[in-house]
Amino acid sequence: MAINTAAYEQLIKELSEKKVTLVAVSKTKPAEDILALYKLGQRDFGENYVQELTDKETALPKDIRWHFIGHLQSNKVKYIAPFVHLIHGVDSLKLLQEINKQAAKYDRVIDCLLQVHIAEEETKFGMNETELNEAISACVTGQINNVRIKGLMGMASFTDNTQQVRKEFAHLRSLFDECNAAMHADFQILSMGMSGDYVMAIEKGSNMVRIGSLLFGARTYTK
Ligand SMILES: *Cc1c(COP(=O)(O)O)cnc(C)c1O
């Protein structure tokens, strides 16, 4: 249950040198583990489940920046819209429109990342390039005003083939650059890399990593 303080200190040192932001992924972990990391200075935390996130948001310090990194269903956006800091996994125009609607209700502009499907596995979520272009256009043309697309997010294949992983991260990086050049998107955040592959992700240009098990230990799912 205890957090890995040494791993955290080492990681923070490594990441700050490279100007990479750490999102500590606390899904399935108790509030006390989050608080332990909070006391070491960590403020960005990532969660995958809406109910779990809202419970933790209520219980924990208000200056935590909550990142939603899971697969978000449109009908649940309303629960996190009042406080969420960054939604990483926007994978459809429909979801983007719903976030826009809920953000307007709370008189907010919600920062989002578009999730791109870069892995070989079919099971992973994300947009293809056509959908990506549609979503960016909707924002550029002013149909969507209460969402700010800050960049892209992706997950590489879960494989020992590091060449494959590097190729997928490099692909996302090139899409990121293309969006900024051709679509005049003002993207700043490239969210890629987890405990097992963050070194390769940073090598390919990631500036935000989402790391869970390295800090909190392995997860046991009860759901
Ligand atoms: C769970 C999760 C992570 C963290 O994974 P670890 O391997 O524990 O670092 C990162 N990103 C997403 C989208 C996740 O669901």
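All of the numbers you see were taken from the coordinates with simple rules; none came from a lab. As the structure is a prediction and not an experimental result, all values here were calculated from the model. For neighbour counting, all protein chains shown are included, and Cβ atoms are generated from backbone atoms with ideal geometry for every residue, glycine included.
What does the charge count near Ser157 come to, summing +1 for each Lys or Arg and -1 for each Asp or Glu among other residues with Cβ under 9 Å from its Cβ? Write out the running numbers ahead of the final one.
Working: positive: Lys124; negative: Glu120, Glu121, Glu168.
Spelling it out: positives minus negatives among the neighbours equals -2.
Starting from the 7 Å offset along Cα-to-Cβ, what nm value, one decimal, do you get for the label separation of Ser157 and Asp177?
The modelled label-to-label distance comes out at 2.3 nm.
When only Cα pairs under 8 Å and 6 or more residues apart are kept, what is the percent relative contact order across the chain?
Numbers: 403 pairs, mean separation 46.5, N = 223.
It comes to 21 percent, rounded to a whole number.
Arrange the following residues from fewest to most other Cβ atoms within 10 Å of their Cβ: Thr21, Thr141.
Working: Thr21 17, Thr141 8.
Ranked by crowding around the Cβ, least crowded first: Thr141, Thr21.
For segment 5-208, what D do you get in µm² per second when you plug the Kirkwood radius from alpha-carbon pairs into Stokes-Einstein at 4 °C and 1.567 mPa s?
Values: Rh = 17.4 Å.
Result for D is 74 µm²/s.
Using the per-residue mean of other Cβ atoms lying within 10 Å as a proxy for protection, in what order, highest first, do the peptides 164-173, 85-94, 177-186 fall? Display every interim value, and only then the final one.
Numbers: 164-173: 19.2, 85-94: 21.2, 177-186: 14.1.
The peptides rank, most packed first, as 85-94, 164-173, 177-186.
Tally Lys and Arg at +1 and Asp and Glu at -1 over the other residues with C-beta under 12 Å from the C-beta of Ala31: what net charge comes out?
Cβ neighbours under 12 Å give a net charge of -4.
Can you tell me how much longer the chain between Glu14 and His184 gets when fully stretched, taken as 0.36 nm per residue apart minus their C-alpha distance, in nm with one decimal?
Taking Glu14 through His184 to full extension adds about 58.0 nm, to one decimal.
Using a 7 Å offset from the Cα along the Cα-to-Cβ direction at both Ala7 and Thr220, what is the distance between the two label points in nm, to one decimal?
1.7
Count the net charge of all other residues whose Cβ sits under 10 Å from the Cβ of Asn207, scoring Lys and Arg as +1 and Asp and Glu as -1. The partial results should precede the final answer.
Numbers: positive: Lys18, Lys19; negative: none.
Combined, the nearby Lys, Arg, Asp and Glu give +2.
Show that you can apply the helix-only estimate: for the chain, add -39,500 (n - 2.57) for every DSSP H stretch of four or more residues, divide by all residues, and state [θ] at 222 nm to the nearest 500. Display every interim value, and only then the final one.
Numbers: 9 runs with 92 residues, N = 223.
Result for the chain: -12000 deg cm²/dmol, rounded to the nearest 500.
Let me have the relative contact order for segment 107-204, percent, based on Cα pairs under 8 Å that are six or more residues apart.
29
What is the set of long-range amide H partners of Ile189 at a cut-off below 5 Å, with H atoms built 1.01 Å from backbone N?
HN-HN under 5 Å from Ile189: Gly151, Leu152.
Checking the cross-link filter: which lysines have an alpha carbon closer than 22 Å to that of Lys29, excluding same-chain neighbours under 8 positions apart?
Answer for Lys29, where 22 Å is the Cα cut-off: Lys39, Lys56, Lys62, Lys76, Lys223, listed by chain and number.
Please give, to one decimal in nm, the separation of the simple spin-label points placed at Asn128 and Lys167, each 7 Å out from Cα toward the Cβ.
1.9
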